[in-house]
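Asker: This is the structure, below, for whatever I ask next.
Read the figures in this text as sums done on the coordinates, not as results from a lab. Every value quoted in this text rests on a predicted model; they were computed, and no experiment measured them. Heads up, the Cβs are rebuilt from the backbone with ideal geometry, glycines too, and the neighbour counts pull from every protein chain shown.
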Amino acid sequence: MSYSVKEAFKTLQGEGAQAGRAAVFCRFTGCNLWSGREADRSEAVCQFCDTDFVGTDGSGGGKFARAENLVAHLAALWGPDRAYRYVVFTGGEPLLQLDAPLIAAMKAEGFTIAVETNGTLAAPEGIDWICVSPKAGAPFVQQRGHELKLIFPQAALLPETFDTLDAEAFTHYWLQPMDGLNDGGLARSHHTAAAVAYCQAHPRWRLSLQTHKMIGIP
Ligand SMILES: C[S@@+](CC[C@H](N)C(=O)[O-])C[C@H]1O[C@@H](n2cnc3c(N)ncnc32)[C@H](O)[C@@H]1O
Ligand SMILES: Nc1nc2[nH]cc(C(=O)O)c2c(=O)[nH]1
Ligand code: SF4
Ligand SMILES: [Mg+2]
C-alpha cells in the first residue's frame, strides 16, 4: 500500500519512558477520531489534539508509493550510523497505515520501532515499543503495551478506569497534563497541578511532561 506522511523529522522523544532518546518521527496523515479541520473539532470524538496531521505538506512529508521508499527517507533523516536507530510512528493515528511490509523494511534497516497510538485499533506484530493513549468515548482495543499515557484530565475517562487491567497489561502508567490551545500554557499549568496531586495520591501513576515543548524542539 502507499503511505501519506504529514511530516518526518529527527528529534528527541519528548514524552513517556523513552523521553530524551534520539528518534526519527514519522507523522502519518489522518486520524479516525478527528478530521483535523478546526471547524470539526467541537464535534470530534477527540477534541484536545495539539497536532496538525492534515495533508502531506509538512517538513519531510510526502506520499510514498512503497514501504522501501518511506524507509529510505526515514533512514536518511537518521543518518548513516546504524547504532541506536529509533523511529516513532505517530500521527494522526499511525495504526491506520503502519503495516507488516513497513515494519519489516524498517527492521531490515536496523530500526527499533515505536508507535504512539490512540488504542482504537489492534497493533500489528513486530512493534518494539507501544504507547497507548486512550481517548474518552473511543473504543479501547489495544489493551496491551509498554506504556499507557492518559491525557489528564478527561472528565469521561478517569484513571480509575484502568485499575481493572491486570499488572502485565502495561509496564508504565503515565498521566500527561492536557495542553490547551493558544492560551499561553494556562490550562496546562492547571492540569499539571491536578496530575501532580493525582500521582501523589495514586502512586501507580507517574507524571509525563511534554519536554520537547519546554525546550523548543519539534
Ligand atoms: C498527536 S497524538 C498522535 C498519536 C495518536 N493519535 C494518539 O492520540 O495517541 C500524540 C500524543 O500526543 C498526545 N496529545 C494530543 N493532544 C494533546 C494535548 N493537548 N495535551 C497533551 N498531550 C496531547 C496524545 O494523547 C498522544 O499521546
Ligand atoms: N519531541 C516529540 N516527542 C513526542 N512524543 C510524542 C509526540 C507525538 O506527537 O506523537 C511527540 C512530538 O511531536 N515531539
Ligand atoms: S487521537 Fe491522537 S491524532 Fe487523533 S485527534 Fe486525538 S490526539 Fe490527535
Ligand atoms: Mg506531539
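Asker: Can you name the residue in the range 127-152 that is within 22 Å of P177 (Cβ to Cβ) and more than 14 Å from the chain's Cα centre (by Cα) and is also surrounded by the fewest Cβ atoms within 10 Å (Cβ to Cβ) among such residues?
Answerer: It comes out as G137.
Asker: Of all residues in the range 190-217, how many are surrounded by 14 or more Cβ atoms within 10 Å (Cβ to Cβ) and more than 18 Å from S133 (Cβ to Cβ)?
Answerer: Counting residues in the range 190-217 that are surrounded by 14 or more Cβ atoms within 10 Å (Cβ to Cβ) and more than 18 Å from S133 (Cβ to Cβ) gives 1.
Asker: Limited to the range 54-72, what total is found for residues that are surrounded by 15 or more Cβ atoms within 10 Å (Cβ to Cβ) and touching a Ser or Thr at 6+ places or on another chain (Cβ under 6 Å)?
Answerer: The number of residues fulfilling the criteria is 2.
Asker: Tell me, yes or no, whether the range 135-157 has at least one residue that is under 24 Å from W34 (Cα atoms), aromatic (F, W, Y), in a strand (DSSP E or B) and within 15 Å of ligand 2 (Cβ to nearest atom).
Answerer: Step one: list which residues in the range 135-157 are under 24 Å from W34 (Cα atoms), which gives 135-145, 147-157.
Retained after the next criterion (residues that are aromatic (F, W, Y)): 140, 152.
Narrowing further to those that are in a strand (DSSP E or B): 152.
Okay, now just the ones that are also within 15 Å of ligand 2 (Cβ to nearest atom), so none.
Scanning the range 135-157 turns up no residue that is under 24 Å from W34 (Cα atoms), aromatic (F, W, Y), in a strand (DSSP E or B) and within 15 Å of ligand 2 (Cβ to nearest atom).
Asker: Considering each residue of the range 1-40, count those that are part of a loop (DSSP other than H, G, I, E, B), under 22 Å from A65 (Cα atoms) and more than 16 Å from ligand 3 (Cβ to nearest atom), and give that number.
Answerer: Residues meeting the conditions: 2.
Asker: So, one more: Can you name the residue in the range 76-120 that is in contact with a Ser or Thr (Cβ under 8 Å, 6 or more places away or on another chain) and acidic (D, E) and is also nearest to P139 (Cα to Cα) among such residues?
Answerer: E93
Asker: While we're here: Which of the residues belonging to the range 199-218 are farther than 17 Å from E147 by Cβ and either in contact (Cβ under 8 Å) with a residue 24 or more places away in the chain or part of a helix (DSSP H, G or I) (or both)?
Answerer: Of the range 199-218, the ones farther than 17 Å from E147 by Cβ are 200-201, 213-218.
Across the range 199-218, the qualifying residues are Q200, A201, K213, M214, I215, I217, P218.
Asker: I would also like to ask the following. Only one of (1) of a type in the set (S, T, N, Q); (2) touching a residue at least 24 places away in the same chain (Cβ under 8 Å); (3) away from ligand 1 (no atom under 16 Å from the Cβ) fails for N69. Which number is that?
Answerer: Every listed condition holds for N69 apart from (2).
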